[in-house]
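For reference, the structure discussed in these notes is given below.
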Protein chains: 6
Amino acid sequence: MNILCVAAHPDDTELLCAGTLARYVREGHRVTIAIFTDGSIGDAVVKPDILSATREKEARAAAEILGADLIWTGVTDELVFPDKEQRHLMIDVLRRADPDVIFTHSPNDYHPDHRYVSQLVFDSYFQKGLPHMPGQSLPACRFAGAQLYYMDNIGGINFLPTEYVDITDVFETKKAMLACHKSQFVAMEDLASIDMNWMIQMQAGFRGLAAGCRYAEGFTRLDASQRGLTRRVLP
Amino acid sequence: MNILCVAAHPDDTELLCAGTLARYVREGHRVTIAIFTDGSIGDAVVKPDILSATREKEARAAAEILGADLIWTGVTDELVFPDKEQRHLMIDVLRRADPDVIFTHSPNDYHPDHRYVSQLVFDSYFQKGLPHMPGQSLPACRFAGAQLYYMDNIGGINFLPTEYVDITDVFETKKAMLACHKSQFVAMEDLASIDMNWMIQMQAGFRGLAAGCRYAEGFTRLDASQRGLTRRVLP
Amino acid sequence: MNILCVAAHPDDTELLCAGTLARYVREGHRVTIAIFTDGSIGDAVVKPDILSATREKEARAAAEILGADLIWTGVTDELVFPDKEQRHLMIDVLRRADPDVIFTHSPNDYHPDHRYVSQLVFDSYFQKGLPHMPGQSLPACRFAGAQLYYMDNIGGINFLPTEYVDITDVFETKKAMLACHKSQFVAMEDLASIDMNWMIQMQAGFRGLAAGCRYAEGFTRLDASQRGLTRRVLP
Amino acid sequence: MNILCVAAHPDDTELLCAGTLARYVREGHRVTIAIFTDGSIGDAVVKPDILSATREKEARAAAEILGADLIWTGVTDELVFPDKEQRHLMIDVLRRADPDVIFTHSPNDYHPDHRYVSQLVFDSYFQKGLPHMPGQSLPACRFAGAQLYYMDNIGGINFLPTEYVDITDVFETKKAMLACHKSQFVAMEDLASIDMNWMIQMQAGFRGLAAGCRYAEGFTRLDASQRGLTRRVLP
Amino acid sequence: MNILCVAAHPDDTELLCAGTLARYVREGHRVTIAIFTDGSIGDAVVKPDILSATREKEARAAAEILGADLIWTGVTDELVFPDKEQRHLMIDVLRRADPDVIFTHSPNDYHPDHRYVSQLVFDSYFQKGLPHMPGQSLPACRFAGAQLYYMDNIGGINFLPTEYVDITDVFETKKAMLACHKSQFVAMEDLASIDMNWMIQMQAGFRGLAAGCRYAEGFTRLDASQRGLTRRVLP
Amino acid sequence: MNILCVAAHPDDTELLCAGTLARYVREGHRVTIAIFTDGSIGDAVVKPDILSATREKEARAAAEILGADLIWTGVTDELVFPDKEQRHLMIDVLRRADPDVIFTHSPNDYHPDHRYVSQLVFDSYFQKGLPHMPGQSLPACRFAGAQLYYMDNIGGINFLPTEYVDITDVFETKKAMLACHKSQFVAMEDLASIDMNWMIQMQAGFRGLAAGCRYAEGFTRLDASQRGLTRRVLP
C-alpha cells in the first residue's frame, strides 16, 4: 500500500505517527511524509529563512532514517488557510502520494495550522481522484477509497483514541527520527520548558497503558461512506 | 409557508429530502430547490461543460415532478468556499426564496461542498433579513425566524436524527425524481459501484424502522434562540 | 390522549412539567400525576409520618387546581431502587394511567430518587402492555407506543432541551400549583436558601429565552424504535 | 478463538450478530450463543410455559444452522436485573464459553432486558477469570483479555457503529437462522406490525451502505485497558 | 493580570461577561474590551454610518463605567471571516492587550460573526507571542500561556457551562453597562420582541440557580496543552 | 476542610488521587481514605482471608505515610452492588468523614466495583445530611454542599479530565504510598504483566503534559445544582 502522513510542521510526524509509519515500512509498504508549511516562524530568535532551511534538512534526515519519501510544500508557517489556493496545493500533495492510507492532524488540535491542514486534507481526499478538477498541476490519482486517520493530540486534550498501533518494537526508530529535529529541542525548551523526549515517552507510554503494550500510538478513523470500513488497514 | 432546500449538487435533494418536500407540496406549501454548484466535476469521463448542462436539465425535470421552483446558482462544482463572494450568493438565494423552513446538508457530511454549503446557509440565514447588508443584489426578505433543518448523512455516518418525517405515501414521487438524474446513476455505479435506488430504499427504510413507518426521512434541527422552537413545522 | 407525569417527590411536577400538563388539560386531554415516594424524609426537623401526610395533602391540592388525577405510590422517600419489587409497582402505575404520553425525570438528574424513578419508568413502559407479565396486580393496558419525555434539570445542569412547550398562558396555574407545596418553600429555604418562586421563574424564563416566548418548559424525547416518532405529541 | 454472543432473547442474535458469527464459523472458530432469558413473556396470547418451550426449540434450530453451541440460562423473560443472583449466573455463562471475543447488547438499547444483560456481561467479564470468586458453580476460565463488542440498535437509535463486518456472503445464513424463529414473526407482526425479514434487510443494507459493501453488521468496541486493543479480532 | 474580552458586537460583552470583568476590576486587574466589528448593520432602519457611530459611543460609555480600555477594530458588521486579513487584525488586538486571560464567543454560538470571532481568537492566541510572525503592525507580546474562556450562549442553546463566576455583587454594574446600549434596546425589541433587561436577568439568574448563588455567568475553558491548567484564573 | 476519597480497592487511591490528597494534607486539611471492599479476590493464588488481611495492612501503612484516617468497610471484593444494604453502608462512610470535598471512581471506569462505588457515593452524598434517613447507624452530618470529583481512568480510556492538580512536588509521597501495596505489584505483574510504578509515571506524566507541569492528576467535577460551583476547592 501507499501510506501518506500529512503534517503541518517538520516534527509533528515524529511526535505522533512515526512509530506507526515505521511498522508500515517494516511490512514493505511505501511511506511518504508531506510537510505542508516551511516551519519558519516557530522560534523566538532564529530568522525565518535560516530556520526554514534548517528544519527542511532535519526533516529530510528523519525521513531518511525511516526510509520514506518527503514532500516539502513550503506554505508559510502559521499561515495555513483552507482556501482555494491551498486546496489546490493539498490536492496535488495527495495526487503525488496516491495513498491507500492517510494520516493527518486531528480537527480539534491546539494549533491553527494543524486544524487547517486537517481540514484541507479532508477537503481534498475525495477530490484527488476526480480527473476534471480544475486548477491542478498533477493529473488525478486513483479515486478508490483511501482510509483517513487522525493523529493524537499532545497530552490527550480533547482526544480519545479508538485505534491503537503497538510501536514497542520501533520506538527506537521514532526516537532517532525525533532526534534529527535538533532545532525544535531548543525551541520547545525555550518557549514552553518542554523536553521532547519526555513528551513522546509519556504520550506513547500512556497510550500503551490503554492498549495493553509498552508503547502505542493512538488514532481515530474518519468514518466516511464507501471507504472500505470493514477492514483494518493499520499495522 | 415557503419551504427551501439548499443542496450542493443536483441529486442531493432527491436522496435525502424529496419525500419531505413532496409532503409539503401536497399540503399546499410553496417549495423551492436551490442547487448551489453546477455539478460539473463529478464524472470521470464526461467533460465539465457538457455534464453541467445535462445535470441542470435533470434537476429541472425532477423539480417539475415535485412542482417546485428551481434556483441554479452555478458555483463551480468541488469549489464551494465559505468566503465573502459565496456568502453574498447564498444570502441572495435565501432572499429569493424567503423561506419559513430551510433544509440543507449536515455540517459533518462526507463531502467538502456539502459541509461548506451547510456553513454558508448557517452564515446567511440570519443576514437574509437585514436591509443594510452590503453587497447584495436582492433586497432583504422577512427577518422573522425561519427554522433550519439538517438532512441525514448517507449510511447514517456521524448522524443521529432527532426528527422524522413519514414519507411512505410519497416514496414513489421521490423515486421518480431521483430517476431524472440519469447521469448520476452511471457515475455512482462507475466510481463507487452503488445503485442509487438501493441507496434510497435502505436509507428511507432504515429511518422508517426507527420512526415506526415504512419509509421516513431523518433530520436534526438547528436550535437557535428566538426561532419559534415550540412548534413543529415539519409535515 | 392520556397524559402521565411520574415524579419522585410531591413538588417535582410543579417545578418542571406543570405548565405543559396545564396545556394538555386545556386541550381536553386526561392528565394523571403519579408521585412515587411518600416525600417523608426531606425535612431536617419535621418527622417522616407527619411530613408525608402533609405533602400528600399538598400534592392533592395541586392536582385539583390542575384538574388531574393523582396516584400516590408511597415508596419510602430517598429509597427508590430499580429492583423487582419497585418495578412491579411502577408497571402498575403505568397500567392505571394507560398513557399515550409519559413525562418523568431525566436519567442524569442530581437526585438518586429522580434517576431511579426515571430508570423504573424506562424499564416499565414496554412491559405495561404485556398480558403475561408475572407479579402485577393490574391487567395489562394498551401495548401501543407511548412517547416518553424527560423533564429538564434544575439550573440546566447536564441538560440541553430538544423540545420546548410554550407555557406563557398557563404560568399562573403553574405558580398556583407550586404554592400548594408550602412545606417545601420552608424546607428549600432552610436546607439550600432557595426561593422556589424564583426557581421556576428563572427556569421557565430561561427556556423561553431559547424557545422564543416568555415562559417555556424544556424536554428531551426518548427515541425508541416504533414509537411513532414522526409526530409531535407535545402541546 | 472462542466466540460468544450473549443475548437477552431467542431472536436477538439473529437480528444483529448472526452474520458476523457465520463469518467466524467459516474461519474455523468455535461459536457459542447464550440466551439469558426464557423468552416466555413476549406474546399477547400464547402462555409463558408453551412460548418458552417453543422459543428454545427455535433457538436450537437456529444455532444448529450456524454450527454453534447454545447456552439456555432460563431467567424469567422481562425480569433481568443486574443483582448478585444473576451476576453469578452470567459469570458461569462466560466461564462455560471461555471467550476470546464477546458480543452483547448495547448499554442503551430500547429494552430493559437488553440493557441489563449488557450490564451483567460488563460486570462479569473481568471476574470470569478470578479463581476465588465466591458463589460460582464453575471454576474460573482464562483471565486473559477478551474483547467485548456491543451490537447495533434496531433502526440505529442512539447508536453509531465504529466497527463493521461485511456479511454479504453469509446473509442467506442469517436469514435462514432468523426464519427458525417463527413464533416471533407472528408476535412482531401482531404487536408492532413489523416484518422481521424487512427489518434485517434494512438494518444490514444500511450498515453496508456506510461500510462499502452490500450487507454489514455494525458494532462498537468496549475500550478497556489492557485488552489487546492494537489488534482487530473481528472477521 | 491583563484581562481581555473580544466580542463581535458592541453589546455582546455586557450580555455575557460584564459581571466577571467587573469582578476582575474590583480585584485590581487591568481589563480591556475589544469590539471587532463596527456594529453598523444590525438595525432595520438606521443607516450603517450613523449606527456605527452611535454604537461606538455607547460602547465607550459602557467601558468607562467598568473602568476598562476599549479597542474598536472596525471590521464591517456581519462580514467577519477567518481569513488572512482579519487574522492579522486579531493578532494585533491580542498584542495590544497582552492578556493573561481571554474571553470570547463560544465556537457554536448562533451568529456567524460570533463564531468567526471565536475562531480568529483561537487562531491568534498562539501566534500573538511569535516575534517573526509576518504582516503584523505590532511587535509580539508575551508568549506565555494565556487561558482562553468561551462565553455562554443566550438561552443556553448548545452550551453547558463548566465554570461559573458569582456576579451577584456586581449585577448592578452589568445592568448599568448594558443600559448604555440604548440603540440595541430598540433594535432587539423591533426585530425579535426581546427586552434586554429580561434577557440578562434570566441568563444570570438561571446560571446562578446552577452554581448556588443569585446571579452567575457561565463559561467553558479551552483546554490546550501547556496553558497552566492546574490553576483557576477566574475570580 | 474535610477531604474524603472513597475507593473500591486498597490501591486505587494511590494510583489516581494520592498526589492530590498529599497536597491537601500539606495545606493542613483533614484527609480520610475509605476503602469499600476487603480486596480479597484479586489474586489468582492467595486465599481471600489471607489476602484481605494483607491488603488492609498495606492500606493502613499507605494512609499513615499520607497522614490520613482510614475507613475499612469490608464489603466482599467483586461484589459491590448499589442496593439498599450497601447504600446504608456508604451513607455511614460519608457521615463518618463529613466531607467538604469527595473523590471517587469515575462512573464509566473499567471495573464493576469501581462503577458501583461511584454510583453509591453519588446516591449517598445528598442523603448524608438528612437527619430522618432510616436505617443508618450514624447521625446525619452537615447537609451543606460538598463538591464531588471523579478520578481519572487508567490509560485515559473514556476519560477527558476537566480539572488538573499539579502533584510534581508530592510525587515521591505518591510513590511511597503505592510501594506499600506490595501484594498488588505481584498480582498485577502476574495477571496483566504491568509494573505499577510505570503505570503511575505514565498516568501522572501524561496528565502533566496536558496541564503544563511535570506530574498531574486529572479529574472531572460532578456539576450538581447549589453545590458552590463558583469556587475551586482543589489544591
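General observations
- When segment E:79-93 is limited to residues that are within 12 Å of another protein chain (Cβ to nearest Cβ) and not in a loop (DSSP other than H, G, I, E, B), the one that is surrounded by the fewest Cβ atoms within 10 Å (Cβ to Cβ) turns out to be E:GLU85.
- Residues that are over 22 Å from B:LEU222 (Cα atoms) and under 16 Å from the mean Cα position of the chain (by Cα), drawn from segment C:198-232: C:ILE200
- Residue list for segment B:81-110, filter: among the aliphatic types (A, V, I, L, M) and within 15 Å of the chain's Cα centre (by Cα): B:MET90, B:VAL93, B:LEU94, B:ALA97, B:VAL101, B:ILE102
- Residue count for segment E:205-214, restricted to those that are touching a residue at least 24 places away in the same chain (Cβ under 8 Å) and surrounded by fewer than 24 Cβ atoms within 10 Å (Cβ to Cβ): 2.
- Qualifying positions in segment C:215-228 - within 30 Å of D:LEU191 (Cα to Cα) and in contact (Cβ under 8 Å) with a residue 60 or more places away in the chain: C:PHE219, C:THR220, C:ARG221, C:LEU222, C:ALA224, C:GLN226, C:ARG227, C:GLY228
- Out of F:HIS132, F:HIS105, one residue alone is in contact with a Lys or Arg (Cβ under 8 Å, 6 or more places away or on another chain) and free of Cβ contacts under 8 Å to residues at least 24 places away in the same chain. It is F:HIS132.
- The requirement of being among the aromatic types (Phe, Trp, Tyr), surrounded by fewer than 20 Cβ atoms within 10 Å (Cβ to Cβ) and touching a helix residue (DSSP H, G or I) at 6+ places or on another chain (Cβ under 8 Å) is not satisfied by D:PHE103.
- Listed conditions (1) aliphatic (A, V, I, L, M); (2) part of a helix (DSSP H, G or I); (3) more than 30 Å from D:LYS128 (Cβ to Cβ) are all met by F:ILE3, apart from (2).
- Looking across segment C:137-184, the residues that are of a type in the set (Phe, Trp, Tyr) and within 21 Å of C:HIS111 (Cβ to Cβ) come down to C:TYR149, C:TYR150, C:PHE159.
- Across segment F:13-56, the qualifying residues are those that are within 14 Å of chain D (Cβ to nearest Cβ) and among the basic types (Lys, Arg), and the one among them that is farthest from F:VAL170 (Cα to Cα) is F:LYS47.
- Those residues of segment B:160-204 which are of a type in the set (D, E, K, R), open to solvent by less than 60 Å² (accessible area, probe 1.4 Å) and part of a helix (DSSP H, G or I), in sequence order: B:LYS174
- Residue selected from segment B:124-155 under the condition within 14 Å of chain D (Cβ to nearest Cβ) and either open to solvent by 10 Å² or more (accessible area, probe 1.4 Å) or among the acidic types (Asp, Glu) (or both), by the criterion farthest from the chain's Cα centre (by Cα): B:ILE154
- For the criterion of being modelled with pLDDT under 95 and touching a helix residue (DSSP H, G or I) at 6+ places or on another chain (Cβ under 6 Å), D:ILE157 fails.
- Search result, residues across segment D:35-69 that are surrounded by fewer than 19 Cβ atoms within 10 Å (Cβ to Cβ) and among the charged types (D, E, K, R): D:LYS47, D:ASP49, D:GLU56, D:LYS57, D:ARG60, D:GLU64, D:ASP69
- Here F:ASP98 meets the list (1) away from every other protein chain (no Cβ under 11 Å); (2) surrounded by fewer than 23 Cβ atoms within 10 Å (Cβ to Cβ); (3) within 29 Å of D:SER124 (Cβ to Cβ) almost entirely, failing just condition (3).
- Within segment F:1-23, being among the hydrophobic types (A, V, I, L, M, F, W, C) and either surrounded by 24 or more Cβ atoms within 10 Å (Cβ to Cβ) or closer than 18 Å to F:ARG142 by Cβ (or both) holds for F:MET1, F:ILE3, F:LEU4, F:CYS5, F:VAL6, F:ALA7, F:ALA8, F:LEU16, F:CYS17, F:ALA18, F:LEU21, F:ALA22.
- Yes/no for A:ARG87 being over 25 Å from E:GLN119 (Cβ atoms) and basic (Lys, Arg): no
- Some residue of segment B:57-78 being at the interface with another protein chain (Cβ under 10 Å from one of its Cβ atoms) and at negative phi: yes
- Number of the condition not met by F:LEU120 [criteria: (1) open to solvent by 10 Å² or more (accessible area, probe 1.4 Å); (2) at pLDDT 95 or above]: (1)
- Boolean, C:ARG115 is surrounded by fewer than 23 Cβ atoms within 10 Å (Cβ to Cβ) and over 21 Å from D:ILE41 (Cα atoms): yes
- D:ASP109 within 12 Å of another protein chain (Cβ to nearest Cβ) and either touching a strand residue (DSSP E or B) at 6+ places or on another chain (Cβ under 6 Å) or in a strand (DSSP E or B) (or both): no
- Residue in segment E:156-170 that is more than 14 Å from chain C (Cβ to nearest Cβ), within 23 Å of E:ALA62 (Cβ to Cβ) and among the hydroxyl-bearing types (Ser, Thr, Tyr) present: no
- Qualifying residue in segment F:182-199 (condition: out of contact with any Gly (no Cβ under 7 Å at 6 or more places or on another chain) and within 30 Å of C:ILE154 (Cα to Cα)): no
- Residues of segment B:171-181 that turn out to be in contact (Cβ under 8 Å) with a residue 12 or more places away in the chain and within 28 Å of D:ILE154 (Cβ to Cβ), as a count: 5
- Every condition in (1) more than 10 Å from every other protein chain (Cβ to nearest Cβ); (2) in contact with an Asp or Glu (Cβ under 8 Å, 6 or more places away or on another chain) holds for F:ASN197 except the one numbered (2).
The values are calculated or read from the model by the stated rules, or taken from the named source; none is laboratory data. For clarity, every value in this text was computed on a predicted model and none was experimentally measured. Cβ: placed from backbone, ideal geometry, glycine included. Neighbour counts: every protein chain shown. For accessibility, only protein heavy atoms count, side chains too; no ligands or nucleic acids. Shrake-Rupley method; radii C 1.70, N 1.55, O 1.52, S 1.80 Å.
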